[in-house]
Amino acid sequence: MIGEAVGGYLANSIAVMSDAAHLLSDLTSFIVSLVAILIGMQPASKKMSFGYHRA
């Protein structure tokens, strides 16, 4: 992804740079999904009696 962005910049290609930006947005959404899964796996507590997967 970084190589693609650098290559697009050096080649002055807007299409390649926009594809690199699109890959960055995909990576960001993947990381957000992983964090949500990790939060949902936390056990129940007194405050969240059904656990975090229903929050």
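No lab work stands behind these numbers, since they all come straight from the coordinates. Everything quoted here is computed from the prediction, not taken from an experiment. No Cβ is skipped: glycine too gets one built from the backbone with ideal geometry, and neighbour counts run over all protein chains shown.
For this structure, a couple of remarks:
- Test: Ala20 is loosely packed, with under 12 Cβ neighbours inside 10 Å, among the aliphatic types (A, V, I, L, M) and assigned to a helix (DSSP H, G or I): no
- When every residue of segment 26-44 is checked against the conditions, at least one turns out to be in contact with a Gly (Cβ under 9 Å, 6 or more places away or on another chain) and among the small types (Gly, Ala, Ser).
- Flag for Ala5 being among the hydrophobic types (A, V, I, L, M, F, W, C), loosely packed, with under 10 Cβ neighbours inside 10 Å and either part of a helix (DSSP H, G or I) or without any contact (Cβ under 8 Å) to a residue 40 or more places away in the chain (or both): no
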